[in-house]
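Heads up, the thing below is written out as structure tokens.
The values are calculated or read from the model by the stated rules, or taken from the named source; none is laboratory data. What you see is a predicted model, and the numbers here were worked out from it, not measured in a lab. Quick reminder, even Gly has a Cβ in these numbers, built from the backbone with ideal geometry, and neighbours come from all protein chains shown. Only protein heavy atoms, including side chains, enter the accessible area calculation; ligands, DNA and RNA are left aside. Shrake-Rupley method; radii C 1.70, N 1.55, O 1.52, S 1.80 Å.
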Amino acid sequence: MGHKVVVFDISVVRALWETRVKKHKAWQKKEAERLEKSALEKIKEEWNFVAECRRKGIPQAAYCKNGFVDTSVRLLEKIERNSLTRQSSLSKERDKRSSPFVFELSGEHWKEFPDELKEQTHLKEWHINNTLIQIIPTYIELFQAMRILDLPQNQISRLPVEIGRLKNLKELNVSFNRLKSIPLELGDCEKLEKLDCSGNLELTELPFELSNLKQVTFIDISANKFSSVPICVLRMSNLQWLDISNNNLNDLPQDIDRLEELQTFLLYRNKLTYLPYALLNLKKLTLMVVSGDHLVELPTALCESPTLKFVSLMDNPIDNTQCQDGDEIIESERDRQHFDKEFMRAYIEDLKERDSVPSYTTKVSFSLQL
């Protein structure tokens, strides 16, 4: 019995596939016309544009116009140029940080300062973070050219009184350490402009002698145990930013309006039940953040201000896991407070970013649940 051989006419097969290809191309053309007429293609274009901007780290305010995505190619080119400019600025800042006048130290293997540091009295900046260093040496008084002391997230338990002899000091950051007090001698650093003592958890007061710091524009004493706004702070006439959130405030002083230059006031996570009418006298105040869950009285005019962004945060208590070791509880609290601060900084930056987007209203009021 022989095998059957099936023979195909190749021209028939080719005609069959040509017909199918023509039908498929016709369908593609019809589908393209349908998408062109619909809003889907525009949405897809905008989404791809937004995704591209986000990948390049471009803020939302830069690619929105009147609240809508502007997919102009020229706009994207402009944004990219600005992005490159910012990157160049950051590069210059890194170069500046690596100058012979800047000292940097980081890592938990450091428990004390290197001995050779005391010989480098020409230094203008110290940037020390995430170490196990507990004490700032008294020979710091030799660094008369010091401008910036940036010492966050270490284990520093006290500041030496000799710090008051740094007459050119402009910035002091001792956030998220283990400080329980601030030396009154710091009041002798009359050129100080920025003071950050946040996240030490145990600070309850600032010495009255800090009233001498008339050039201070920024104070952050959040995440501590202040029961009232320090008197010395009320006497800092040029203060523009005050963060006293995450403390034990029950009320604000009636003379809070002494801070005539105040622009940003952060009060969230305290025990406030009312806000004084004196806040209405702060004509330059543009952003205030409070913890709304305890407030029972609020000046109506405060919310109706055309220039003030009044933000009410609805805080939910965070359950702390019970640990056998008390130090672990403290560390957990410090980490949580640090996370909260990073979140709030990003949140405020987002508010500032929105300010650059044209809007039909000047009033912004909303709630945020942490």
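Key figures
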{"item": "Which listed residue, of LEU186, LEU210, LEU234, is within 24 Å of PRO276 (Cβ to Cβ), touching a Gly at 6+ places or on another chain (Cβ under 8 Å) and at pLDDT 95 or above", "result": "LEU210"}
{"item": "Filter pass, LEU201 being assigned to a loop (DSSP other than H, G, I, E, B) and closer than 26 Å to GLU333 by Cβ", "result": "yes"}
{"item": "Scan of the range 204-232 for residues that are aromatic (Phe, Trp, Tyr) and assigned to a loop (DSSP other than H, G, I, E, B), ordered by number", "result": "PHE226"}
{"item": "Residues that are in a loop (DSSP other than H, G, I, E, B), within 12 Å of VAL229 (Cβ to Cβ) and within 24 Å of the chain's Cα centre (by Cα), drawn from the range 246-271", "result": "ASN247, ASN248, LEU249, LEU259, LEU262, LEU267, ASN270"}
{"item": "Given (1) open to solvent by 10 Å² or more (accessible area, probe 1.4 Å); (2) within 30 Å of ILE163 (Cα to Cα); (3) in contact (Cβ under 8 Å) with a residue 40 or more places away in the chain, number of the condition TRP241 does not satisfy", "result": "(3)"}
{"item": "Residues located in the range 142-161, provided they are open to solvent by 50 Å² or more (accessible area, probe 1.4 Å) and of a type outside the set (A, V, I, L, M)", "result": "GLN144, ARG147, GLN153, SER157, ARG158"}
{"item": "Residue check for PHE101: open to solvent by 40 Å² or more (accessible area, probe 1.4 Å), over 28 Å from GLN215 (Cα atoms), aromatic (Phe, Trp, Tyr) and modelled with pLDDT under 95", "result": "no"}
{"item": "Residues of the range 272-284 satisfying the condition of being surrounded by 15 or more Cβ atoms within 10 Å (Cβ to Cβ) and in a loop (DSSP other than H, G, I, E, B)", "result": "LEU272, LEU275, PRO276, LEU282"}
{"item": "Filter result for the condition that a residue is farther than 18 Å from GLY187 by Cα and in contact (Cβ under 8 Å) with a residue 12 or more places away in the chain, over PRO152, PRO160", "result": "PRO152"}
{"item": "Residue in the range 132-148 that is among the charged types (D, E, K, R) and under 30 Å from ARG336 (Cβ atoms) present", "result": "no"}
{"item": "Qualifying position, being free of Cβ contacts under 8 Å to residues at least 40 places away in the same chain and open to solvent by 40 Å² or more (accessible area, probe 1.4 Å), among GLU261, GLU205", "result": "GLU205"}
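Rundown of residues vs (1) at pLDDT 75 or above; (2) aromatic (Phe, Trp, Tyr), yes/no style:
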{"site": "PRO276", "(1), (2)": "yes, no"}
{"site": "VAL289", "(1), (2)": "yes, no"}
{"site": "LEU295", "(1), (2)": "yes, no"}
{"site": "PRO306", "(1), (2)": "yes, no"}
{"site": "PHE310", "(1), (2)": "no, yes"}
{"site": "PRO317", "(1), (2)": "no, no"}
{"site": "GLN322", "(1), (2)": "no, no"}
{"site": "ASP355", "(1), (2)": "no, no"}
{"site": "PRO358", "(1), (2)": "no, no"}
